[in-house]
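Have a look at the structure below before the remarks.
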Amino acid sequence: MADKARAARMAKRIQTVVANAIERQIKDRRLELVTVTDTRMTGDLHDATIFYTVRGATLEDEPDYEGAAEALHRARGQLRKIVGDDLNVRYTPTLTFEVDTVPEASAHMEELLAKARARDEELAELKKNAKPAGDANPYKTDGEE
């Protein structure tokens, strides 16, 4: 079992190699909008999971996740060959690709936080104009009965 530092270094190197290969060597139009975001290695250095996102062509377009997944599946062998040539290790790790959901989740969290801030501002405005429901001093003192 390899140490975690070596697995992290190897994952970072694989991420760089795959991103460059997708950009420069793999000729598939479905991969033009793919961005490699992270790579994770197993402890035995035999499997690498590569996380990616897909941008839309324009702001209104929905990203083509299915086309990108199919293109990455077809190019998996070629990418593994490129990674093996670059790494110079005894065993070239197998590559699996997974869609990275972190950007969508963070956008959703930002939206929820914006709603919470708007609600807090609304409550602060209501609090400024609020009046007590009962007397100004609801507690009795010793002199009163």
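Quick check on my filter: what residues within region 39-79 are within 18 Å of residue 20 (Cα to Cα) and aliphatic (A, V, I, L, M)?
Those that are within 18 Å of residue 20 (Cα to Cα) and aliphatic (A, V, I, L, M): 48, 50, 54, 68, 69, 71, 72, 75, 79.
Kindly indicate whether residue 18 is in contact with a strand residue (DSSP E or B) (Cβ under 9 Å, 6 or more places away or on another chain) and free of Cβ contacts under 8 Å to residues at least 40 places away in the same chain.
So residue 18 does not fit the description; no.
Restricting to region 43-95, name every residue that is of a type in the set (Ser, Thr, Tyr) and surrounded by 14 or more Cβ atoms within 10 Å (Cβ to Cβ).
Listed by number, the residues that qualify are 49, 52, 53, 92.
Residues of region 3-25 being surrounded by fewer than 19 Cβ atoms within 10 Å (Cβ to Cβ) and in contact with a helix residue (DSSP H, G or I) (Cβ under 8 Å, 6 or more places away or on another chain), which ones?
13, 25 - these are the residues of region 3-25 that are surrounded by fewer than 19 Cβ atoms within 10 Å (Cβ to Cβ) and in contact with a helix residue (DSSP H, G or I) (Cβ under 8 Å, 6 or more places away or on another chain).
Tell me, which residue of region 80-93 that is in contact with a helix residue (DSSP H, G or I) (Cβ under 8 Å, 6 or more places away or on another chain) and more than 10 Å from residue 14 (Cα to Cα) is modelled with the lowest pLDDT?
If we take residues in region 80-93 being in contact with a helix residue (DSSP H, G or I) (Cβ under 8 Å, 6 or more places away or on another chain) and more than 10 Å from residue 14 (Cα to Cα), then 89 is modelled with the lowest pLDDT.
The values are calculated or read from the model by the stated rules, or taken from the named source; none is laboratory data. What you see is a predicted model; the values in this text were computed from it and never measured. As a convention, Cβ positions derive from the backbone with ideal geometry for all residues, glycine included, and neighbour counts pool all protein chains shown.
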